[in-house]
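The values are calculated or read from the model by the stated rules, or taken from the named source; none is laboratory data. Remember, predicted model here, so these are calculated numbers, not experimental data. Heads up, the Cβs are rebuilt from the backbone with ideal geometry, glycines too, and the neighbour counts pull from every protein chain shown.
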Amino acid sequence: MPAVTFTAYAIAQKVSGGPQFNVIQAFTSLSLLNLLVQPVMDLTIAWTTLSSGLACLDRIQRFLLKENREDYRILASPTEMPTTLLAEKPDQIVKPFVKIRGGSFGWKKDSDLATIKDINLDIMPGELTLITGPVASGKTTLLEAIVGEARIISGSVELTVPDEIAYCGQDAWLLNQSVKENILAFESYSKDFYEEVIEACQLEEDLRYFPKGDDSIIGSRGISLSGGQKQRVVRRLQNSMLRKRMLIQEQALARAVYNRKPITILDDVLKGLDADTYAKCFEAILGPNGLLRRDNTAVILATHNG
């Protein structure tokens, strides 16, 4: 900064024919510039921080101004909840984990225009339920209705299990923490099962290219990966952004699997994977001997692949 200032001053004086820049003026100016550099830098950084803070406050205000969310689902009381996932006797009736009767759901406030109508659905323990259909056919709306996020217009949604559902949406959400912490998601660490989940979600090969393995910080959107790390992680594919999205999606899927909730909802989570990874993940997680099927989890998978 001082060099640029002195050069500009010298050129201006030369052009205007003013007095020459002497040593006394140079040292005096240098001292003043040294005093001003840090405050100017702080002011620049403060402006950036202030802009970010105002943007955050604006998002918080929009959130607080939203209407209160009302959970329309009928949740079973602790005494009504089943003690076992499957019937102990052949003639024993197994209750569905989720029961929807005459359900019509949408998103707009004070509107009878439903995105999906007259839904009757039973989600049984230990079963894989596929919801298929073209894009924008209401698959996500149905899944959001099960977790109580969509707007109910008519009908009922009843849950016979605790209000704990593992949900993995189309847009993967990650904490600004390590790969391991993203997968555990505040659950207790079980080494054997954790390694099974890593293998089933096809994360082993990716983690080998991180300098710290699953202790590497990947950021909320994977932004903490350096250029070199990205290249090492994605060297199997020429399209590094595609591989990065796959890595994020695989971690979100691993989190849903590791949580071992009675109900796991997967909203087209495999769409961002390549064909080989897709097949391996599906077989290891949702196949007849997959992790979720082995634990008698009720799995709901929405996909546009018929």
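A few comments on the model shown:
- Checked against the criteria, ASP276 does not count as in the same structural domain as VAL179 (by TED's automatic domain parsing), at pLDDT 60 or above and either in contact with an Asp or Glu (Cβ under 6 Å, 6 or more places away or on another chain) or crowded, with 16+ Cβ neighbours inside 10 Å (or both).
- The number of residues in region 253-276 that are out of contact with any Cys (no Cβ under 9 Å at 6 or more places or on another chain), touching a residue at least 12 places away in the same chain (Cβ under 8 Å) and farther than 14 Å from GLU195 by Cα comes to 8.
- Check on LEU253, touching a strand residue (DSSP E or B) at 6+ places or on another chain (Cβ under 8 Å), aliphatic (A, V, I, L, M) and at pLDDT 80 or above: yes
- Pairing residues of region 174-187 that are in contact (Cβ under 8 Å) with a residue 60 or more places away in the chain and under 19 Å from GLN202 (Cβ atoms) with residues that are among the small types (Gly, Ala, Ser) and outside any loop (DSSP other than H, G, I, E, B), at Cβ distances under 7 Å and at least 6 apart in sequence or on separate chains, gives LEU174/ALA252; ILE183/ALA254.
- Residues in region 151-187 that are at pLDDT below 85 and among the aromatic types (Phe, Trp, Tyr) were compared, and the one that is farthest from the chain's Cα centre (by Cα) is PHE186.
- Region 127-159: number of residues that are touching a strand residue (DSSP E or B) at 6+ places or on another chain (Cβ under 7 Å), surrounded by fewer than 18 Cβ atoms within 10 Å (Cβ to Cβ) and on the phi > 0 side of the Ramachandran plot: 0
- Single residue of ALA8, ALA55 found to be under 34 Å from the mean Cα position of the chain (by Cα) and at pLDDT 70 or above: ALA55
- Applying the criterion of being surrounded by fewer than 10 Cβ atoms within 10 Å (Cβ to Cβ) and hydroxyl-bearing (Ser, Thr, Tyr) to the residues of region 58-97, the residue that is modelled with the lowest pLDDT is THR83.
- Considering residues of region 159-181 that are touching a helix residue (DSSP H, G or I) at 6+ places or on another chain (Cβ under 7 Å) and assigned to a helix (DSSP H, G or I) only, the residue nearest to THR297 (Cα to Cα): LYS180
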